[in-house]
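Colleague: Could you have a look at this structure, given as structure tokens, before my questions?
Quick note: the coordinates plus some simple rules give every number you see, no bench work behind them. These numbers come from a predicted model, not from an experiment. Ideal geometry is used to build each Cβ from the backbone, glycine not excepted, and the neighbour counts take in all protein chains shown.
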Amino acid sequence: MTADHTQAPVLEALADYHRSGRLAFAPPGHKQAHGADPAVRAVLGDAVFLGDVLASGGLDDRLTRGRVLERAEELMADAVHADHTFFTTCGSSLSVKAAMLAVAGPHEALLIGRDAHKSVVSGLILSGIEPVWVEPRWDAERHVAHPPSAEQFEKALERRPDAKGALVTSPTPYGACADLRAIAEVCHRRGLPLIVDEAWGAHLPFHPDLPSWAMDAGADICVTSIHKMGSGLEQGSVFHLQGDLVPPELLKMRADLLGTTSPSVLIYAGMDGWRRQMMLRGRELMGRALELAARVRESVDDIDGLRMDGREEYCGPGLADDLDPLPGVIDVSGLGITGYQAADWLRENREIEAHLTDHRRIGAQITHADDEATTGELVMALKDLARAAPGLPEAPHVEVPEPARLRLAQACLPRDAFFGPAEAVPVKEAAGRVAAEMITPYPPGIPAVLPGERLTEPVLRYLRSGLAAGMNLPDPADPSLEHIRVMK
């Protein structure tokens, strides 16, 4: 039967709830805004509280006989050509952990691209899975990592035929994409599942000029953040499943192990409505976003000292297989400043928020929500930045190592290092010791140091110089990085 994508089961059930005038003697305690602090209501508005109801025993009955969430998930699965879809209100940080736990268990091996998000490393710590790292393709000229190739996964499986499956990140926060179909074929020849962390790719199914998405490329499990490039609320995530290599009931069980028993209906509603929006108008909306991104790139490239990275910079032999242009990655190194300085100046002087920041780039993400006015403001602000750059303080030098020196040797499992006996040592004494914590430049959130990796001087200099230049390191125990937590 053909799915009816004009429907939005969660939104429709929420509207019915309000029309019924139901009186709840159950959580949430604010009871449709009546008990909320007036000062809070003045800032948030009552609509937030009116959408905040119990998922079962509120939006649906106590036995969920209306199948409200199930129907919404079925429609989402149909939209992206999946067999099954699961909603979560705990972000893709939960979704990717559930996917990992459905494929491998404690002390079992899982192939993972080393450019994985910190949530993947958290999954390794919690599960005791042994990572078999597959190196990303490193652009030494631009100091940026792209997803590993199918050939790299093939070689890793030859080294570790006991691996239970593979995980790859595509797109990266920079928009770089892997050849997912080729990687899936490498895994499937051995009867192994492929997990794709597609957190940055929720929009990919909805326009033919965007890179292929995981389900169409044959991946088994795909994790997608609806809030990153879609219209969902923060923490809205879905994970899709197809094929018979991972049983759906097993994946659901693993997700239930990690997820909340109090999911936000507001977040469900945002994901449900976004799916309907994309199925009814996605091609038009994403087409307009692509046109805007192309015009922004032309304008940025006309500004002396700035360049918006595109296929010419990111794709080719030894680099990425494809590129999503919408993350809008802008190289500011030609201005003699860092991405940290650029992001700070844009926020403080032009009320413009950049997302991704590193030692030489910022991310100016373009989505279907943008228009000529918003992108025009962005371009004007970037022109102002270029004019102001000569007057900014000299950019602190970030000591980015060459690829071979950036990678650390794995001395033990991340779980053993994280939970084992540890001590804090001065950073000058840390080289040669085994890290007992994660150290992650954020955003984009790809760890430079993992628990269980042996620290080296080049990586420590990179992190210390990056911190001095404005890098955000939210997870070490000592935010100043004067001391580092290592195994005893």
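Colleague: In whole Å, what three semi-axes, largest first, describe the equivalent ellipsoid of the chain built from its Cα gyration tensor (square root of 5 times each eigenvalue)?
Modeller: 35, 29, 24
Colleague: For a protection proxy built on the mean count of beta-carbon atoms within 10 angstrom, sort 153-160, 173-180 highest first, please.
Modeller: Most protected by this proxy first, the peptides run 173-180, 153-160.
Colleague: Check each of the GluC sites (Glu not before Pro) in the stretch 375-469 and keep only those in coil by DSSP with at most 14 other C-beta atoms within 10 angstrom; list them in order. Spell out each step's value before the answer.
Modeller: Details: sites: GLU377, GLU394, GLU399, GLU423, GLU429, GLU437, GLU453; in loops: GLU394, GLU399, GLU437.
When the GluC sites (Glu not before Pro) of the stretch 375-469 are filtered for loop state and at most 14 Cβ neighbours within 10 Å, GLU394 remain.
Colleague: Another question, then. At q = 0.18, 0.22, 0.24, 0.25 Å⁻¹, work out log10 I(q)/I(0) for the stretch 403-487 with the Debye formula, treating every Cα as an identical point scatterer and leaving solvent out; two decimals please.
Modeller: The calculated log intensity ratios at q = 0.18, 0.22, 0.24, 0.25 Å⁻¹ are -0.67, -1.04, -1.25, -1.36.
Colleague: Taking the DSSP beta bridges in the chain as the whole, what percent of them are antiparallel, to the nearest 5? Walk me through the numbers before you get to the answer.
Modeller: Details: 30 of 46 bridges.
DSSP beta bridges in the chain are roughly 65 percent antiparallel.
Colleague: Using the Cα centre as the reference, give the magnitude of the dipole from point charges on the C-beta atoms of the stretch 1-64 (Lys, Arg: +1; Asp, Glu: -1; all else neutral), rounded to the nearest 20 debye.
Modeller: Rounded to the nearest 20 debye, it is 220 debye.
Colleague: What are the radius of gyration and Dmax of the stretch 191-331, computed over its Cα atoms and given in Å?
Modeller: Gyration radius and largest Cα-Cα distance of the stretch 191-331: 17.5, 55 Å.
Colleague: Using the 10 angstrom Cβ neighbour count as an exposure proxy, how do HIS203, HIS107, HIS5, HIS240 rank, fewest first?
Modeller: Ascending number of Cβ neighbours within 10 Å: HIS107, HIS5, HIS203, HIS240.
Colleague: With charges set only on the Cβ (+1 for Lys and Arg, -1 for Asp and Glu), what does the dipole of the stretch 376-459 come to about its Cα centre, in debye to the nearest 20?
Modeller: 140
Colleague: Give me Rg/Rg_expected for the stretch 65-260, where Rg uses Cα atoms only and Rg_expected = 2.2 N^0.38 Å with N residues.
Modeller: Normalised Rg, Cα atoms only: 0.95.
Colleague: Okay, next question. In whole Å and largest first, what semi-axes does the C-alpha gyration tensor of the stretch 1-64 yield when each eigenvalue is scaled by 5 and square-rooted?
Modeller: Over the Cα atoms of the stretch 1-64, the semi-axes work out to 26, 15, 9 Å.
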